[in-house]
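S.K.: Take a look at the following structure, please.
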Amino acid sequence: MSSAAARKSLGTNVHFTETLEDGSIFVSRVPKELPTLSEADLPPLVRKPKSAEATPLTPELQHALTKLRNEDPAHWTVSRLAKKFDVPRPAVLMLAPCPEWRRQEIQSKADAEWEQLGYKKRLIRINRLRRRLQ
């Protein structure tokens, strides 16, 4: 069977056919060469690309970041500080971890919330944690 006959018998969207060594016919519905696209053919970028060069924080800025975090960690969260000082979130976590008193406050709120849960909700959360740890 010729490639033209194979093309007609297989229907539409056949880009090329090729006879293999064993006599079988390879039919492709995808072109061999992909079309080249220019930047003008692409849609506009959703996000601006981040610059590869990270500006290091000066000691004064590091001190200011730590001071803000320690003064009011509820207001100056990691995300807010990262945006304000234009640094990645892990850098804020390394420079200014959450104060111990704030950690205890968050833990006590979580414990109080846990105590308010009924038996069924507790069981559901425990089972969810078990599944995540497996």
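The values are calculated or read from the model by the stated rules, or taken from the named source; none is laboratory data. It should be emphasised that the depicted structure is a prediction, and the values quoted were computed from it without experimental measurement. Neighbour counts run over all protein chains shown; Cβ positions are idealised from the backbone, glycine included. Side chains are part of the model used for accessible areas, which takes the heavy atoms of the whole protein and leaves out ligands, DNA and RNA. Shrake-Rupley method; radii C 1.70, N 1.55, O 1.52, S 1.80 Å.
S.K.: Does residue 81 qualify as being in a helix (DSSP H, G or I) and in contact (Cβ under 8 Å) with a residue 24 or more places away in the chain?
M.R.: Details: in a helix (DSSP H, G or I): yes; in contact (Cβ under 8 Å) with a residue 24 or more places away in the chain: no.
Against the criterion (in a helix (DSSP H, G or I) and in contact (Cβ under 8 Å) with a residue 24 or more places away in the chain), residue 81 does not qualify.
Residues checked against (1) assigned to a helix (DSSP H, G or I); (2) of a type outside the set (Lys, Arg):
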| site | (1), (2) |
| --- | --- |
| 26 | no, yes |
| 30 | no, yes |
| 56 | no, yes |
| 62 | yes, yes |
| 75 | no, yes |
| 90 | yes, yes |
| 104 | yes, yes |
| 131 | yes, no |
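S.K.: Going residue by residue through the stretch 102-110, is there one that turns out to be closer than 26 Å to residue 59 by Cα, open to solvent by 50 Å² or more (accessible area, probe 1.4 Å) and not β-branched (Val, Ile, Thr)? Before you say what the answer is, go through the steps one by one.
M.R.: The initial filter retains those residues of the stretch 102-110 that are closer than 26 Å to residue 59 by Cα, namely 102-103.
Now drop any that are not open to solvent by 50 Å² or more (accessible area, probe 1.4 Å), which leaves 103.
Imposing the further condition that a residue be not β-branched (Val, Ile, Thr) reduces the set to 103.
Checked the stretch 102-110: at least one residue is closer than 26 Å to residue 59 by Cα, open to solvent by 50 Å² or more (accessible area, probe 1.4 Å) and not β-branched (Val, Ile, Thr).
S.K.: So in the stretch 36-50, with the set limited to residues that are open to solvent by 100 Å² or more (accessible area, probe 1.4 Å), of a type outside the set (A, V, I, L, M, F, W, C) and assigned to a loop (DSSP other than H, G, I, E, B), which one is farthest from residue 13 (Cα to Cα)?
M.R.: That would be 50.
S.K.: Next up: State whether one or more residues within the stretch 112-130 are more than 30 Å from residue 16 (Cβ to Cβ), among the aromatic types (Phe, Trp, Tyr) and loosely packed, with under 10 Cβ neighbours inside 10 Å. Before the answer, list the steps.
M.R.: Step one: filter the stretch 112-130 for residues more than 30 Å from residue 16 (Cβ to Cβ), giving 112-130.
Then drop every residue that is not among the aromatic types (Phe, Trp, Tyr), which leaves 114, 119.
Retained after the next criterion (residues that are loosely packed, with under 10 Cβ neighbours inside 10 Å): 119.
Yes, there is a match, as at least one residue in the stretch 112-130 is more than 30 Å from residue 16 (Cβ to Cβ), among the aromatic types (Phe, Trp, Tyr) and loosely packed, with under 10 Cβ neighbours inside 10 Å.
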